[in-house]
Every structure is written in C-alpha cells, then in structure tokens.
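What follows is a short report on a single structure.
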Amino acid sequence: MSVDSVQALGRSTGVKEIELEKEETELVLEAGSRTAEDGLAPGGKAGLLQKVTRKMKRWGLETNGIQPVPPEQRTDRRLYQMFFVWFSANLNILTMTTGTAGPAYYGLGIRDSLLVILVVDVVVCAIPAFFAVFGPKLGTRGMVAARFSWGYYGALIPSILVVVDIQGYLVLNTIVGGQTLGAISTHLNASLGIVIIGIVTLMVVFSGYKVLHWYEMFVWFPNVVAFVVMLGVSGKHLIAAPLSGPSPPTASQIMTFGATVAASVANWSPLMADQGVYHDCNASAWRVFMYSYLGLLLSSMPVQMLGAVWTAGADFVPAWKAGLGNGNDIGGLLGAVLLPMGGFGKFLLVLLSLTTPSQCAPAMYAMLNSFMALAPVLARIPRPLLAIVSTAIMISVGIVGSSRFYSIFSDILAFVGYWLAPFCSIVLTEHFVFRKSRYSSYDVLEAWNKPDHPNLPRSYASSFTFAATVGFIVLCMQKQWWTGPIARTGTGDVGMLLGFLFGVLVYTCTRWAEKTWEARARARSPR
C-alpha cells in the first residue's frame, strides 16, 4: 500500500471518527439542553435522565422540553391544526357540564341560559385565541412566555396555579367520562371509566406533540355524531319544555352564570401557546387567531347550549331527572337521553366517554410544561415520565372524588376564573402597551432563562398587580361560602370582569413606574 493510500485511509477514518463523535455530542446535548433550561451535566446523577431521553428519541417520542424552538425549526404550515386541536378539545362532555350549571346550579331557564352562553362565548373566546398567537411567533411554551410580562421569578405564580388548577380539571374530566361509561351497564362503574380515560390520555401525552395533533384531527367526529343523534332523540321533549324559568332571572343569576361560562373558556389562555411552538413563525397572526377562535367558539358554544337545554328539560322528563340525580351525574343524564336508542345509544355513550381524552391530552401536555418551568431541576425530567405521575394522580383522585363531582367542579372553576383575570390583564397589557404588539421585542432565545436580562421585567409590577387584583376580586365575588360587598349590591359575581379591568389599570401604572426606575438605575450605574 502506497504512502498516499495510507494517508487517505487515515483521513477517511479520522473524518468518520469526528462524525461519530459529533453525532454522540448532539445526542447528549439534545438529551440535556432540549429537555432542561440549563442543560444536563454529562455523567453523574443526570446520566440516567440522559439515557432515558435518548431512548425516547429513538422511539420517535418528543424530547424537547421548555427550551424555545428557534425560527428555523418553526416551519409547520398546517395552521388548520390550530382549529382542530381546540375544536376537538372543547367538543366534549366536560364542556357540556358548564352549560348544565345554568339550570341546575343557578336556576335559569332555557332561553336565559342560551343567551348568556351566546354572548359570553362570542366575546371571551377571543382572549385565549389571541394567546395562541404567541406559540408560532415566539416559539415558546405559555409559562415561559409569561416571564416576559411577569418576570422570571414572578412567572412562578401563574406556573404553580396552572399546575394545581389543570390537574384538578383533569380529575373532573375523567370523572365525567367515567360516569358516562358507568351509565351504559350495571356491570360497569365510574371507576373503570376513569382508569380507561386516564390510560388513553397518558398514551397521547406520552407520545408528544405530533401524535397529540394527529389525535385531535380526528377524535371530534364521533362526538359530533353522538350529539346530533341525542338532539334528534330528545327534540320532542325539548319542544314541550318551557323556554323561560319559573321566575324572571335576576342580574345576579345572569352575571354569576356568565362568570362560570367565561372561566371555562378563559381557562385555556395559559395553555394555548404550547400547541403552536412548531408552526410557521412567519404565518399571519390574524390567521392563527381566527383558526383558534373558530375552533373554540364552534365547539364550546353549541355543546354548552346542549348541556343547558337537556338539564333544563330534565324537570319535565322523569327519566332524565332520575338520570341526572341531584345534578352530579352528567353521565346518567346522557344515558337517559339516549335510552330510546337501545344498543346504539349505549354505543354512542361509549364513544362519548372514550373521547374524553381529547380535552385531557392538550391540557395535561401544557400543564406538564408549566411544571417544568418552575425550576431548572424539574425541566430535566422527561415529559413522558411526568405524564405517568400526573395520570396516577388523575386516576386515584378521580375515583375518590367521583361521588362529589359538582361541588368539586364549582370550587375549582371559581378558583381558576379569578386568578385568570390578573394573568390575562398582565400579559395582554405588557404586549399591547409596553411592547407595542411587536413580537420582535421579546428576544426570546436570549432572555428566556436569564433572570437579570434587561428584556425581562423585575417581577415587582406583576406581583403587586396580582396581589392587588386578587384583593379587589374578593370584594366582587359571589359564592356559597363568600359574597363580597360589591356583589351584595345585586350585581352578582363580577369578580372576573372587574378584576380584569382593574388589573389592566394597576399593571399599566406599576409597570411604567418599574420601567422608569430601571432606566434611572441604569443611568446611574457605571459603564
């Protein structure tokens, strides 16, 4: 072999070794920096997590954590997915339970319940739809994007609240699905349905972003069929039911039910961005908004209306009333409505219960991202492992709490709705007033994990606004366990509405003061 051949072989071998070393380095980096804020140190205690993450990537699972997705990777132009993910998520029996609260909980008739749902959904769906735009434009998860208005440490407040509240919603969703499955036969019970729904949800979330979007593209169809059939079967009873309630509704009843409907829709706001981080960053913000808005509106509004009319009609149909029980058994009501359909009706109940994960999956996915945003050490845990823990909590608490569904549902909705008022007011005011609606002003890739970065607020304004707004909301809220002095004047529960407006005012003033103080501090500091 000539000298030239030996040298060529050495160069070729060296190149291959470099390529193999580079590939191994990329795998380690992806197992770390793509799953954690600060990356995983090679070896040591983090070695196991690295191995788990690399194994998951080989299986085709999503391993990207909360690190922002760079623009060159945000190329998915299938914006219609933004419609289907929210259409499927809300064309769901838990969404229907929001509508049932009007007649069952607040004593409203069919007409009044439908009017409240119509007005509130048309207006409030615009808020979470706008939050969806942050996904493609910033390429980051909702609670990471919140750092650019709440500050690095201030964003811990909404992150904690998202984890607590959404985990509670997951429990509620599995309870309703379990009740629906239990209504099929005396041989089945709600506990079995809760376990099945939890496992299906886990499978979708475990697989990651792409599988979740694929699942949401098709899962809506069985529910559309079921709801249309139910409407046809129940039509003769609904026509005979009176449109108005036994007495004219009061302003308090209307405003309080409206607050419940608004909370159920606005609850998606902190989660919306997580479903668009891989979509085209150059896409029209208006198109992303409209796809999301229509997906929310065209599913939430009709399903909530169906829940209201069937619950109101239960007072005039003994079989429905027996199925609904004391207002807690939504699955029993659905079973009673479909009873005339015989075996086909039971089949539709199975579909309704088994498609419940269409709402659980995107909620759990975003909730886990919020949990990872609490601390760098938590961001190192692969999302699929967190999904297993969340599912275990969801199943165990759901089985225990299934007998007290409505009281749990009402309490969590009240809590969720109130804290969302300051959250939305802070994020939207920061974007429109102080960043002038310019997404380029965020500089996400440079600032997202640096608490002292000049592009992140210091958290003083957001923390003060949150505390002040919550205090003001207490004066405006109306619940069984507390009615504030403003609500006692007959306004009903106006905590969420006035809390949002109050939050905008307070944050505008305090953020201006914070920015002024920062500018003066920089001017005094030595260069």
Considering only C-alpha atoms, what is the centroid distance from the stretch 416-491 to the stretch 298-361, in Å? 36
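If you filter the stretch 121-229 for trypsin sites (Lys or Arg not before Pro), then keep DSSP loop positions with at most 13 other Cβ within 10 Å, what is left? Intermediate values should be presented prior to the final figure.
Numbers: sites: Lys137, Arg141, Arg147, Lys210; in loops: Arg141.
When the trypsin sites (Lys or Arg not before Pro) of the stretch 121-229 are filtered for loop state and at most 13 Cβ neighbours within 10 Å, nothing remains.
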What does the charge count around Ala259 come to, taking other residues whose C-beta lies under 12 Å from its C-beta (Lys +1, Arg +1, Asp -1, Glu -1)? 0
Expressed as a whole-number percentage, the relative contact order of the stretch 72-404 with C-alpha contacts under 8 angstrom and at least six residues apart is 42
HN-Hα J in Hz across the stretch 454-471 - Karplus 6.51, -1.76, 1.60, θ = phi - 60°, x for Gly and Pro: x, 8, 9, x, 7, 6, 5, 5, 5, 5, 5, 4, 4, 5, 5, 5, 4, x
Once phi is turned into θ = phi - 60°, what whole-Hz ³J(HN,Hα) does the Karplus curve with 6.51, -1.76 and 1.60 give for every residue of the stretch 496-505, x standing for Gly and Pro? 6, 5, 5, x, 5, 5, 5, x, 4, 5
To make sure I understand, if each residue's beta carbon is the centre and we count other beta carbons within 10 Å, what order do Arg435, Arg380 fall in, fewest to most? Arg435, Arg380
Furthest towards positive pole of dipole, Leu79, Ser185, Pro222, structure part the stretch 72-404, Cβ charges: Leu79
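What number comes out for the charge environment of Leu334, summing +1 per Lys or Arg and -1 per Asp or Glu over other residues with Cβ under 15 Å away? Present the calculation step by step, with values, prior to reporting the outcome.
Values: positive: Lys321, Lys346; negative: Asp329.
After counting each charged neighbour, the total is +1.
Going by a ≥ b ≥ c, the root eigenvalues of the Cα gyration tensor, does the stretch 72-404 fall in the rounded group (a/c under 1.5), the prolate group (a/b larger than b/c) or the oblate group? Mind showing how you got there, number by number?
Values: a/c = 1.82, a/b = 1.50, b/c = 1.22.
Taking the square roots of the gyration eigenvalues as a ≥ b ≥ c, the stretch 72-404 is prolate.
Determine, for Asp165, Asp76, the number of other Cβ atoms within 10 Å of each Cβ, and report the residues in order from fewest to most. Please report the intermediate quantities before stating the final value.
Working: Asp165 23, Asp76 18.
Taking fewest neighbouring Cβ atoms as first place, the list is Asp76, Asp165.
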Describe numerically, in nm with one decimal, the distance between label points set 7 Å from Cα along Cα→Cβ at Ser244 and at Leu188. 4.2
Computed for the stretch 72-404: size of charge dipole around the Cα centre, +1 on C-beta of each Lys and Arg, -1 on C-beta of each Asp and Glu, debye to nearest 20, value 360
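Could you line up Ser358, Ser284 from fewest to most neighbouring Cβ atoms inside 10 Å?
Values: Ser358 29, Ser284 12.
Sorted ascending by nearby Cβ count, the order is Ser284, Ser358.
Any read-out appearing in this document is the output of simple, stated calculations on the displayed coordinates, not a laboratory observation. Predicted, not measured: the structure shown is a model, and the values here were computed from it. Cβ: placed from backbone, ideal geometry, glycine included. Neighbour counts: every protein chain shown.
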